[in-house]
Structures are given as C-alpha cells and as structure tokens.
Amino acid sequence: MSENRTRFRLNQNRAPIYEALEQFRKMRVVPFDVPGHKRGRGNPELTAFLGQQCVGVDVNSMKPLDNLCHPVSVIREAEELAADAFGAAHAFLMVGGTTSSVQSMVLTACKRGDEIILPRNVHRSVLNALVLCGAVPVYVNPEVDKRLGISLGMKREQVEKALTLAKAAAAHDSYAAAVLLAGYEKDKAAAAALLGDFRAVAAAGLRGCTSTPLTADAARRALSLADAAIQRLAAQVNPKITLSVLAMKFRTF
C-alpha cells in the first residue's frame, strides 16, 4: 500500500492503466515482441474486425505499462484505487476470468485435509481448486428467493443454526432443538435447508473434524437422524411433525 493512500483518500476519477495506454499509443513504439499482430499492422483482418482503437493498445507488459506479476507503478495504483473503492485492505487485478481469482483464494487459504464451508451450488472453479489442494468441502444449502426462483448467498446465520442444532444433539438437549426447529415448522423449504446443513455438520464430525461439536459416534447417529428427517420431508410428511420427532429423538440421542 502506498504512503499516499495512508495520508489522503485516493482520487477515484483516475484511470491509471487507461491513461498509461493512451500515453503509450502516442509514443509510436515499434513492437518486436508479442502479440503477433504488431498493434494491428501484422493482421489487417483482425484490425478490421476489432478496430484500430482496440488492437492499437493490445500490447505486452513493459516498463511504461507495469507488470501484473509484480506491479510497481500503474497497475499497483489501479489496485490501490480498487481496494479504496471497495473498502478492502488490498485488491489484486487478475486475468483469465473470475476462475483464476477464486482458485488463487482457495489455494492460498486451504491445504490438504482442511475443511471449508461452501454453498451447495458453488461454482465449479472452487471444486477444481479443492481437487488441486486436497481440501474437503462441507456444504450448506443456500436460501432461495421464492419470488425470483434463484439461489441466494450463504448466510453466516445458516451455519450458526446448523452448529447450534448439532450442539443440542451432542448435549441430548431436545428442548433447545425444539425451540430452534419451531421457527421452521411452516416453511418446508427452509426446514429442508436446515436439515441439509445439520447433515453436513454431522458428516464433518464423522470425518473427524475437530471444529464440530460431535464425536464420531454421535456424528454417525446425527447423520442417521438427519437422513430420516430429510426423507420424511421428501415424502410430504408435515414439517411440524418431522421436526418435532427429530427434537424428541435428541433426548435419547
């Protein structure tokens, strides 16, 4: 982070990379490196298709334009502007679409055997990153916007409620489970999502995850209860009955 940024707010009207490219265009540099179209002169057909304005600034990394692998000038300034705009400590410009950003994030944070909580409809780029680093997913069912019919983001409260339910199971506290589950008796979809999350926590405990409140033996029983409750909901059993039975079974868990 530059010293200037710590002293005063950055000027969000700046566009450092664009400004550098415009300045580079005026320098009349003769390119002897990639890309092969040589700012349009080497491929008239491509120039006609994309336009001179586009191919004229399609150039390789060089000192006036900075380097994405180790930015020190205009790219670094653009990253600082982006971080400032989003209220983040740092921002990193990437190429190759969001996939490379997502994979970099997962590979940086996770190692083999680590468990990471993810929404069940997570993008395949995350799954590819898990294959590369060997981390284990713990899935949480995202909520759905009933009006639009689209999945929403994963809320922290969903994970907390699933863990609370697992703690109630570990403590044989059917009352605490009943209080929590009572809020889902009239919403079958939300009840199914919570049970799915509870099942994910139980499955993590069965794998020996130390961050879950369930021992391996308790996790095995919790997994069985979750599967039975999910099957009852799928069989159109009244959610209130299904959740009440589940809470009662925690007493003899």
Handout entry: Residues of segment 174-184 satisfying the condition of being surrounded by fewer than 17 Cβ atoms within 10 Å (Cβ to Cβ) and not in a helix (DSSP H, G or I)
Key = 183
Exercise for the section: Take segment 142-176 and flag every residue that is under 21 Å from residue 209 (Cβ atoms) and either among the small types (Gly, Ala, Ser) or without any contact (Cβ under 8 Å) to a residue 12 or more places away in the chain (or both). Expected result: 156, 157, 160, 162, 166, 168, 169, 170, 171
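Every residue, every condition in (1) within 20 Å of residue 200 (Cα to Cα); (2) part of a loop (DSSP other than H, G, I, E, B); (3) under 16 Å from the mean Cα position of the chain (by Cα), yes or no:
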position	(1), (2), (3)
99	no, no, yes
108	no, no, yes
112	yes, yes, no
126	yes, no, yes
130	yes, no, yes
148	no, yes, no
Handout entry: Residue in segment 7-61 that is nearest to residue 76 (Cα to Cα), counting only those that are of a type in the set (Gly, Ala, Ser) and assigned to a loop (DSSP other than H, G, I, E, B)
Key = 15
Practice task
Filter segment 150-171 for residues that are of a type in the set (A, V, I, L, M, F, W, C) and either exposed (fewer than 14 other Cβ atoms within 10 Å of the Cβ) or assigned to a loop (DSSP other than H, G, I, E, B) (or both) and give the result.
Solution key: 150, 152, 154, 171
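Considering only segment 132-146, state which residues are part of a loop (DSSP other than H, G, I, E, B) and of a type in the set (D, E, K, R).
Of everything in segment 132-146, those that are part of a loop (DSSP other than H, G, I, E, B) and of a type in the set (D, E, K, R) turn out to be 143, 146.
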Practice task
For segment 36-68, name all the residues that are among the basic types (Lys, Arg) and under 21 Å from residue 17 (Cα atoms).
Solution key: 38, 39, 63
Exercise for the section: Please enumerate the residues belonging to segment 196-227 that are touching a residue at least 24 places away in the same chain (Cβ under 8 Å), part of a helix (DSSP H, G or I), under 15 Å from residue 138 (Cβ atoms) and of a type outside the set (Asp, Glu). Expected result: 196, 198, 199, 200, 201, 202, 203, 204, 205, 222, 223, 226
Practice task
Output the residue which, of all residues in segment 4-48 that are more than 15 Å from residue 58 (Cβ to Cβ) and basic (Lys, Arg), is modelled with the highest pLDDT.
Solution key: 14
Completion exercise
Flagged pairs (Cβ under 7 angstrom, 6 or more apart or on separate chains; first in segment 62-86, in a strand (DSSP E or B); second of a type in the set (Gly, Ala, Ser) and surrounded by 12 or more Cβ atoms within 10 Å (Cβ to Cβ)) are 66/73
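The values are calculated or read from the model by the stated rules, or taken from the named source; none is laboratory data. Fair warning: this is a prediction, and the values are worked out from it, not measured in the lab. We place every Cβ from the backbone using ideal geometry, glycine too, and count neighbours over all the protein chains shown.
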